[in-house]
């Protein structure tokens, strides 16, 4: 480890917020990877009439749902699906945001004007109706959900990356590379990207938080994939069967709490990174 | 305020609106599959019936003629006919506007007042229990799916405590002796959706208020004011607060996307008869013309609200004005 990254790690280690977030997220990632191997779950494996909406206990740690399936096993399977959707959607958002941000900042002129108009468009239109309309048109599959969340969430990143690119572009080493005759793509990938990367990373954390809430919301609204067991789908079924009126708290509380914990973990990490990377905030 | 910058902002907003209108058209027409199959779900329909329906929706014309008809509709308020209600889209959407505006308006006012109050107190007593508490509240409400908060509210206040009605805007089948009685019933139904919406917004507002106020309090002119011997309360009220209020104007506009998202979810949970609930129902029924109409109206409203905030900001901030 270089001295600088060692220093950064020391700062993170002594930041309670960052560590709380990292540990919580770590636990959920481990559950998402190994959980389904230990507690298998099948969306089609309905129980008998006697298994419907059983309270916790009796061999079911968190009771059963309205189709007689084990809530705990569903929750574990949901961790994998929800976090996978969140991760892939974030990857798409970051890719588009970085590409547009760097191109816009580096090329300038008309390219910048057009790209920033498009970015503004995505920033200003209300995101949930846009997602709902897109998801309804594309049809409900897990890949469409990932695509819809990814394609709507990149505008903020593009703006931040553009601003950083504008400042990196003016530094002497870029000028030198240009005078050596390097091509645009070479400069953007080899010289600008590494310098905007820390910023992209900090944005990734916050985008991931939004992506997971978006998945939950879209699934709740009936746009999720019925063959997958995400936390959003659990809440969708819980609402549809009237779990709140039936007092089946074991059905609608756990998925919501899991979403809060994961999103909170991402938010805490993002908040702490902001504090670490922005010395002005630290001093306040 | 330079008139050229105002014109530029108005022009940009107009371009965005035109972009939305065109985007909206292609969004619903580049769908995989034949629109006819969405309008009529009867596979046994005769070719004559299909041709008739195709003609009645203008689908037999070339795409550029369809586009011109669509654009003409946009300017005359003709958004097509609902698949489900068989009525013009505007007639379906119109009556739903008032309940949504009522719910969102009250929730926004409550959230702004409480948010500013909490933010000021947190900044004033930094590091106190109240400050930490407000921060935790903001982080948790930010992380919470809105509809889930609604479900918890229903479970606690409607099912367990039975203080508030579960659904709708009025009690089904009720007779009212007076207007007051009607208003009372509506308010009774309104309380929970409004509280849920306010909780969603308070965190963001209080955090923004707190952070800007802390920034402002570290400025030189505050030190000067204190050095002059003004009381702390006076410095806060007359010197710090007016400057800290500026970013609040922006955050309210930025939050409109969140408000719209919240409205869809909260109205769905409480069956509140507004735009959000209509959007959910149109989605379930795949009523594309209504969905398209709502998308367009909501988006244009948000763009206009952003434009207005931008112009107000220019007007009240003397640094931008010059």
Listed residues B:286, B:210, B:54, most fluctuating in chain B (Gaussian network, C-alpha, under 10 Å):
B:54
Using a basic spin-label model with each label point 7 Å from the Cα along Cα→Cβ, how many nm lie between residue B:55 and residue B:84?
3.1 nm
Can you tell me how the protein assembly as shown classifies by the Cα gyration tensor, rounded, prolate or oblate, using a/c under 1.5 as the rounded cut?
rounded
Between B:87, B:72, B:237, find the one with the highest GNM mean-square fluctuation for chain B; connect C-alpha pairs within less than 10 Å.
B:237
Can you sort B:259, B:290 by how many other beta carbons sit within 10 Å, fewest first?
B:259, B:290
Shielding of A:266-273 by partners, i.e. mean partner chain Cβ atoms within 10 Å per residue?
1
Where does helix A:155-169 land angle-wise versus the long Cα axis of chain A, in degrees 0 to 90, nearest 10?
20 degrees
Mind grabbing the base-10 log of I(q)/I(0) for region A:75-145 at q = 0.19, 0.22 Å⁻¹? Debye formula, identical points on the C-alpha positions, no solvent, two decimal places.
-0.93, -1.05
Relative exposure of A:271, B:117, judged by other C-beta atoms within 10 Å (fewest first):
B:117, A:271
Mind sorting A:193, B:7, A:223 by how few other Cβ atoms lie within 10 Å of their own Cβ, fewest first?
B:7, A:193, A:223
Any chance you could give the angle, 0 to 90 degrees and rounded to 10, that helix A:249-277 forms with the longest Cα principal axis of chain A?
20 degrees
Is region B:101-144 rounded, prolate or oblate when judged by the Cα gyration tensor, a ≥ b ≥ c being the square roots of its eigenvalues, rounded requiring a/c under 1.5 and prolate requiring a/b larger than b/c?
oblate
Other chains' Cβ within 10 Å of B:147-154 residues: what's the mean?
6
So which residue, out of B:133, B:179, B:274, gets the largest mean-square fluctuation from a GNM of chain B using Cα contacts under 10 Å as springs?
B:179
Counting only C-alpha contacts under 8 Å and six or more residues apart, can you give the relative contact order of region A:63-283 as a whole percent?
29 percent
For chain B, what does the alpha-carbon gyration tensor say about shape, rounded, prolate or oblate, given a ≥ b ≥ c as the root eigenvalues, a/c under 1.5 as rounded, and a/b over b/c as prolate?
oblate
Cα-based Kirkwood hydrodynamic radius, region A:63-283, one decimal, Å:
19.1 Å
10 Å Cβ neighbours from other chains, averaged over peptide A:129-140:
6
Enter the angle in degrees (range 0 to 90, nearest 10) between the Cα long axis of helix B:288-316 and the first principal axis of the Cα atoms of chain B, meaning the one along which they spread out most.
30 degrees
Computed E for residue A:277/residue B:66 - FRET, C-beta separation, R0 51 angstrom, nearest 0.05
0.50
Can you tell me the relative contact order of chain B? Whole percent, Cα pairs under 8 Å, sequence separation 6 or more.
27 percent
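Bear in mind that the values in this text are calculations on the coordinates, not laboratory data. It should be emphasised that the depicted structure is a prediction, and the values quoted were computed from it without experimental measurement. Glycine gets a Cβ as well: all are built from the backbone with ideal geometry, and neighbour counts include every protein chain shown.
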